[in-house]
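**Student:** Got a structure here, written out as structure tokens. Questions coming.
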Amino acid sequence: MNAEIDLAIIGGTGLYAFPGLTEVERHDVTTRWGTPSAPIVTGTLAGKRVAFLARHGEAHSLAPHRINYRANIAALHELAARRLVGVNAVGGIRADLGPRALVVPDQLIDYTCGRPSSFCDFEGEAVLHTDFSEPYSAALRRALLAAARRADVIVIDGGCYAATQGPRLETNAEIARLRRDGCDLVGMTGMPEAALARELGIEYACLALVANWAAGCDPDATTISLDEIHAHLAAATAQVPAIIASLLLD
């Protein structure tokens, strides 16, 4: 790398490469926590240097609980990424967060288990009690929302993201519990990604793409169809490049 990264993007389900990049290079990075999900791709977009990483691998070969989140975040940090947007496919719980909605959440609750969730538990590392009361960067959230407005893309401001273990979808009772807990969205990869970015001082925000109603939340009470999920996700994902290009102009 011979230029500082202006923005890093971690792509979730349905986003395995970032369109429009020029001067593309691939980087096989190894960290002390292992190798990331895929080679990191860098390139130029809107005159700025961008790094892209496919969270599940370029062939979607990694389930949410098998992703090496520490290696992903550490590798981007080693490439001098200081701002990071995580693009996450989610289910909608709140009534106004139906399929194809785009959301920039402002809170999260972690329901995952057994995932290495800190750099501090590595032997010899100092223990850091990182402030995580506001899990997403306020500045990057504002910038994302402003970028969406400039790009004429409707993005909903705020919401609580529930991070579940996966890879299965949740039961009706589990989603009812999440609703009682105050969650508006449910996904499988938002944690520990956000916490690890905070530990390394990387500004992090989530751009959540609603692929389906969460279990029991569909007002029409229809069965969740994988074909419908993929169609909704493709439609939402198609709007991401315009938002990112606008963000780089900020």
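**Student:** Kindly indicate which of ALA63, ALA101 is crowded, with 18+ Cβ neighbours inside 10 Å and either of a type outside the set (Asp, Glu) or under 27 Å from ALA211 (Cβ atoms) (or both).
**Tutor:** On the way: ALA63 fails: crowded, with 18+ Cβ neighbours inside 10 Å.
After applying the criteria, what remains is ALA101.
**Student:** Could you tell me which residue of the range 5-60 is surrounded by the fewest Cβ atoms within 10 Å (Cβ to Cβ), considering only residues that are farther than 26 Å from ASP121 by Cβ and of a type in the set (S, T, N, Q)?
**Tutor:** THR22
**Student:** Next up: Can you name every residue in the range 34-48 that is among the aliphatic types (A, V, I, L, M) and out of contact with any Asp or Glu (no Cβ under 7 Å at 6 or more places or on another chain)?
**Tutor:** To start, the set of residues in the range 34-48 that are among the aliphatic types (A, V, I, L, M) comprises 38, 40-41, 45-46.
Within the range 34-48, ILE40, VAL41, LEU45, ALA46 qualify.
**Student:** Would you pick out the residues in the range 1-32 that are without any contact (Cβ under 8 Å) to a residue 40 or more places away in the chain, within 12 Å of THR44 (Cβ to Cβ) and either under 19 Å from the mean Cα position of the chain (by Cα) or in a loop (DSSP other than H, G, I, E, B) (or both)?
**Tutor:** Result: LEU21, single match.
**Student:** Something else about it: Applying the selection to the range 190-237, what residues are part of a loop (DSSP other than H, G, I, E, B) and of a type in the set (A, V, I, L, M, F, W, C)? Write out each step before concluding.
**Tutor:** Taking the range 190-237 first, the residues part of a loop (DSSP other than H, G, I, E, B) are 190-192, 200-202, 214-225.
Across the range 190-237, the qualifying residues are MET191, LEU200, ILE202, ALA214, ALA215, CYS217, ALA221, ILE224.
**Student:** Looking at the range 76-105, which of its residues are under 30 Å from GLU4 (Cβ atoms) and either among the aromatic types (Phe, Trp, Tyr) or touching a Phe, Trp or Tyr at 6+ places or on another chain (Cβ under 6 Å) (or both)?
**Tutor:** Start the filter on the range 76-105 by keeping residues that are under 30 Å from GLU4 (Cβ atoms), which leaves 76-89, 102-105.
Correct list: LEU84, PRO105.
**Student:** Another question about this same structure. Of ALA242, ALA215, which residue is within 26 Å of GLY43 (Cβ to Cβ) and of a type in the set (Gly, Ala, Ser)? I'd like the intermediate steps shown before the answer.
**Tutor:** Working: ALA215 fails: within 26 Å of GLY43 (Cβ to Cβ).
Result of the check over ALA242, ALA215: ALA242.
**Student:** Assigned to a helix (DSSP H, G or I), in contact with a helix residue (DSSP H, G or I) (Cβ under 9 Å, 6 or more places away or on another chain), of a type outside the set (Phe, Trp, Tyr) and within 30 Å of GLU174 (Cβ to Cβ): does that describe ASN88? Spell out how you get there, then give the answer.
**Tutor:** Working: assigned to a helix (DSSP H, G or I): no; in contact with a helix residue (DSSP H, G or I) (Cβ under 9 Å, 6 or more places away or on another chain): yes; of a type outside the set (Phe, Trp, Tyr): yes; within 30 Å of GLU174 (Cβ to Cβ): yes.
Considered against the rule, which asks whether it is assigned to a helix (DSSP H, G or I), in contact with a helix residue (DSSP H, G or I) (Cβ under 9 Å, 6 or more places away or on another chain), of a type outside the set (Phe, Trp, Tyr) and within 30 Å of GLU174 (Cβ to Cβ), ASN88 comes out as no.
**Student:** Tell me, yes or no, whether the range 179-192 has at least one residue that is more than 14 Å from the chain's Cα centre (by Cα), closer than 27 Å to GLY114 by Cα, of a type in the set (Gly, Ala, Ser) and surrounded by fewer than 18 Cβ atoms within 10 Å (Cβ to Cβ).
**Tutor:** Kept after step one, since they are more than 14 Å from the chain's Cα centre (by Cα), are these residues of the range 179-192: 179-184.
Next cut, closer than 27 Å to GLY114 by Cα only: 179-184.
Still in the running and of a type in the set (Gly, Ala, Ser): 182.
Filter once more, so that each one left must be surrounded by fewer than 18 Cβ atoms within 10 Å (Cβ to Cβ): 182.
Yes, the range 179-192 contains at least one residue that is more than 14 Å from the chain's Cα centre (by Cα), closer than 27 Å to GLY114 by Cα, of a type in the set (Gly, Ala, Ser) and surrounded by fewer than 18 Cβ atoms within 10 Å (Cβ to Cβ).
**Student:** Hey, another quick one. Can you report the number of residues in the range 104-118 which are touching a helix residue (DSSP H, G or I) at 6+ places or on another chain (Cβ under 6 Å) and either outside any loop (DSSP other than H, G, I, E, B) or surrounded by 22 or more Cβ atoms within 10 Å (Cβ to Cβ) (or both)?
**Tutor:** Matching residues across the range 104-118 total 1.
**Student:** Something else about it: Do you know which of the residues in the range 51-97 that are over 13 Å from the mean Cα position of the chain (by Cα) and basic (Lys, Arg) is farthest from ILE202 (Cα to Cα)? It would help to see each step written out before you state the result.
**Tutor:** Just the residues of the range 51-97 that are over 13 Å from the mean Cα position of the chain (by Cα), to begin with: 51, 57-63, 65-66, 68, 70-71, 74-82, 91-97.
Adding the requirement that they be basic (Lys, Arg) leaves 66, 70, 82, 94.
Values: ARG66: 23, ARG70: 13, ARG82: 5, ARG94: 29 Å.
Result: ARG94.
**Student:** If a residue has to be among the basic types (Lys, Arg) and within 14 Å of GLY190 (Cβ to Cβ) to count, how many in the range 92-119 make the cut?
**Tutor:** Here is the first cut: in the range 92-119, the residues among the basic types (Lys, Arg) are 94, 100, 115.
After this cut, where a residue has to be within 14 Å of GLY190 (Cβ to Cβ) as well, the list is 115.
Total meeting the criteria: 1.
**Student:** Would you pick out the residues in the range 121-137 that are surrounded by 13 or more Cβ atoms within 10 Å (Cβ to Cβ) and either part of a helix (DSSP H, G or I) or among the small types (Gly, Ala, Ser) (or both)?
**Tutor:** Once the filter is applied, which keeps residues that are surrounded by 13 or more Cβ atoms within 10 Å (Cβ to Cβ) and either part of a helix (DSSP H, G or I) or among the small types (Gly, Ala, Ser) (or both), the range 121-137 yields only SER137.
**Student:** Continuing with this model, one more query. Taking the condition of being surrounded by 21 or more Cβ atoms within 10 Å (Cβ to Cβ) and either assigned to a loop (DSSP other than H, G, I, E, B) or basic (Lys, Arg) (or both), how many residues in the range 138-171 meet it?
**Tutor:** 4
**Student:** Only residues that are in contact (Cβ under 8 Å) with a residue 60 or more places away in the chain and either over 20 Å from LEU248 (Cβ atoms) or of a type in the set (Lys, Arg) (or both): list them for the range 33-55, please.
**Tutor:** Going residue by residue through the range 33-55, those that are in contact (Cβ under 8 Å) with a residue 60 or more places away in the chain are 33, 45-48, 50, 55.
Within the range 33-55, TRP33, LYS48, ARG55 meet the criteria.
Read the figures in this text as sums done on the coordinates, not as results from a lab. This is a predicted model, so every value here is computed, not measured. Note that each Cβ is placed from the backbone with ideal geometry, even for glycine, and that neighbours are counted across all protein chains shown.
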